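Here is the structure we will look at.
The values are calculated or read from the model by the stated rules, or taken from the named source; none is laboratory data. On a predicted model such as this, the values are computed, not experimentally measured, just so you know. Here the Cβ positions follow ideal geometry from the backbone for every residue, glycine too, while neighbour counts run over all protein chains shown. Side chains are part of the model used for accessible areas, which takes the heavy atoms of the whole protein and leaves out ligands, DNA and RNA. Shrake-Rupley method; radii C 1.70, N 1.55, O 1.52, S 1.80 Å.
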Amino acid sequence: IEITNSSSGNMGEKTHKDSPENPFEPFIESLRQQVEDQDPVILIGVIVALAVVVITCVFLKYFLTSKTVQSAILLVGLCDSGKTLLFIRLLSGKFKRTQTSITDSSAPYRAKNERSSSWTLIDLPGHDSLRFQYLEKFKSSARAIVFVVDSAIFQKEVRDVAEFLYMLLTDTVISRNAPTLLVACNKQDITMAKSAKLIQHQLEKELNTLRVTRSAALSAQDGSVGGSVYLGKKGKDFEFSQLPMRVEFLECSARSSSKGEEGEADIESLEKSLAKL
């Protein structure tokens, strides 16, 4: 009997040693007791308050880190389309001789509306070796893109204009942000200038052709269409109405047709469109 008792005692000691007491157990027990003693209404209030704080922090982090303020109006287009003079006219209304831009120019622009909305007007270089570099720099902040076309020699430049426009419209950032696109058919003071309607129609045809050739070329290379988005709707001929952003074609002239260089520019249609932003 003594041996049995001793053995039982040893087993008890062994079991006790194998199950050490949790050092946090007193704290947990005390916390549980305090929670049980609290008024349920107060507890619910504390939980709701904590939930609101967490949700607010998550939303603030999202909006501050992933959202870029779209406060810029970008003037883009080929070389000699009249972007820089249009930039000057919009800001001051005055004529000034210009030369080919090799860097960007920016200035505050106040829209002609009741709210007197203020944007940053940015003139980007049109040279083919610079245009995409500067577009990459400013595209995230674009509230609107003014794509300036030389209406007088459009027929000769239609392919180049369409290729630039295609790259712009299939850019993932621009497609996601969907800034307003204003196609400014400039130099309407010249007799041979093409109308905005004709330019729109020809660009739709050219972009439709480009979409087929570019998609086929990229698919042949790696089986996909790369990082760009598909232009328009699949299975349908391209039209500007298929784009995710508002598109408007308008006619304007940075020069004056009646009084030469010193006269007022015909940019009222452009200013009205910018006032709607």
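Residues that are of a type in the set (D, E, K, R) and open to solvent by less than 80 Å² (accessible area, probe 1.4 Å) within segment 86-106 comprise Arg89, Asp104, listed in sequence order. For segment 145-159, taking the residues that are β-branched (Val, Ile, Thr) and over 21 Å from Arg214 (Cβ atoms), the one that is most open to solvent (accessible area, probe 1.4 Å) is identified as Ile153. Assess whether Thr213 counts as being modelled with pLDDT under 95, over 22 Å from Thr84 (Cβ atoms) and open to solvent by 30 Å² or more (accessible area, probe 1.4 Å). When the stated conditions are applied, Thr213 passes them. Of the listed requirements (1) open to solvent by less than 10 Å² (accessible area, probe 1.4 Å); (2) hydrophobic (A, V, I, L, M, F, W, C); (3) more than 16 Å from the chain's Cα centre (by Cα), Leu74 misses just one: (3). When the residues of segment 32-73 are filtered to those that are among the hydroxyl-bearing types (Ser, Thr, Tyr) and outside any helix (DSSP H, G or I), the one that is modelled with the highest pLDDT is Ser71. Out of Ala162, Ala142, one residue alone is closer than 20 Å to Leu277 by Cα, surrounded by 12 or more Cβ atoms within 10 Å (Cβ to Cβ) and modelled with pLDDT of 95 or more. It is Ala142. Residues in segment 118-132: is at least one assigned to a strand (DSSP E or B), free of Cβ contacts under 8 Å to residues at least 12 places away in the same chain and either at positive phi or in contact with a Lys or Arg (Cβ under 6 Å, 6 or more places away or on another chain) (or both)? Looking through segment 118-132, at least one residue is assigned to a strand (DSSP E or B), free of Cβ contacts under 8 Å to residues at least 12 places away in the same chain and either at positive phi or in contact with a Lys or Arg (Cβ under 6 Å, 6 or more places away or on another chain) (or both). Candidates are the residues of segment 165-182 that are touching a strand residue (DSSP E or B) at 6+ places or on another chain (Cβ under 6 Å) and open to solvent by less than 10 Å² (accessible area, probe 1.4 Å); the one that is farthest from Phe249 (Cα to Cα) is Pro179. For segment 220-231, the condition holds for at least one residue, the condition being that it is under 14 Å from Ser175 (Cβ atoms), at pLDDT below 75 and in contact with a Ser or Thr (Cβ under 8 Å, 6 or more places away or on another chain).
Met245 satisfies every condition listed in (1) in a loop (DSSP other than H, G, I, E, B); (2) at pLDDT 95 or above; (3) exposed (fewer than 15 other Cβ atoms within 10 Å of the Cβ) except (3). In segment 107-138, how many are open to solvent by 50 Å² or more (accessible area, probe 1.4 Å) and within 22 Å of Val149 (Cβ to Cβ)? Qualifying residue count for the region: 6.
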